[in-house]
Amino acid sequence: MAEEESEQTSPGILQEIFTSPLNLSLLCLCLFLLYKIFRGDKPADVGEVEEPLPKLKKRDFTLEELKPYDGVTNPRILMAVNGKVFDVTRGKKFYGPDGPYGVFAGRDASRGLATFCLDKEALKDTHDDLSDLNAMQQESLSEWETQFTHKYDYIGKLLKLGEEPTEYTDDEEVKDKKKD
């Protein structure tokens, strides 16, 4: 008689689990949690991890000297914003060859950032004094410069035609390392 009773309750429990949407949902949740517990939180295999490039020594750049640092010719990506050159290599997803702002790599991006224009034609291959920007565009450019200053390494100035580069000392680089 005890066997008959257990046979009747077993199909009843299974039937209750699989016919009730709430119980079925809870069962799925329990199975999922068990899977997560036993599987663990193993990071996905992302293949080879690129080693970060060594920090670039401070120096000033002309527009021509900046061009090779576009992520294609050279793995390092530099760009100028409002007369300052920044190393944006760690933002490769954005500023690399396939990134949405890749057009700015190895160039003076000031005009494009100020006007929100991503066309290569909007960028000049010669020194751009930005004197024709309106107040709103100047403010936007200033905000971009602030963002880059906080997020990326400052490398040096973007030199105007005929301007002499600044001689940076090792003391300045030591100060920068202490800030990091």
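Of everything in the range 117-143, what is open to solvent by less than 40 Å² (accessible area, probe 1.4 Å) and part of a helix (DSSP H, G or I)? Give them in sequence order. Ala122, Ser140, Leu141 - these are the residues of the range 117-143 that are open to solvent by less than 40 Å² (accessible area, probe 1.4 Å) and part of a helix (DSSP H, G or I).
Would you check if Pro43 is modelled with pLDDT under 85 and closer than 30 Å to Thr169 by Cβ? Please lay out each step first, then the result.
Working: modelled with pLDDT under 85: yes; closer than 30 Å to Thr169 by Cβ: no.
No: the conditions fail for Pro43.
Hey, any hits in the range 155-178 for a residue that's within 15 Å of Asp70 (Cβ to Cβ) and open to solvent by 60 Å² or more (accessible area, probe 1.4 Å)? Checked against the condition, which is being within 15 Å of Asp70 (Cβ to Cβ) and open to solvent by 60 Å² or more (accessible area, probe 1.4 Å), the range 155-178 yields no hits at all. Among the conditions (1) in contact (Cβ under 8 Å) with a residue 12 or more places away in the chain; (2) closer than 29 Å to Asp170 by Cα; (3) open to solvent by 30 Å² or more (accessible area, probe 1.4 Å); (4) part of a helix (DSSP H, G or I), Phe148 misses just one, which is (3).
Does Lys92 satisfy being surrounded by 14 or more Cβ atoms within 10 Å (Cβ to Cβ), assigned to a helix (DSSP H, G or I) and of a type in the set (D, E, K, R)? So Lys92 fits the description; yes. Filtering the range 114-134 to residues that are charged (D, E, K, R) and under 16 Å from Pro100 (Cα atoms) leaves Asp119, Lys120, Glu121.
The values are calculated or read from the model by the stated rules, or taken from the named source; none is laboratory data. Please read all numbers here as calculations on a predicted model, not as lab measurements. Neighbour counts are summed over all protein chains in view; Cβ atoms, including those assigned to glycine, are modelled from backbone coordinates with ideal geometry. Side chains included, ligands, DNA and RNA excluded: accessible areas come from the protein's heavy atoms. Shrake-Rupley method; radii C 1.70, N 1.55, O 1.52, S 1.80 Å.
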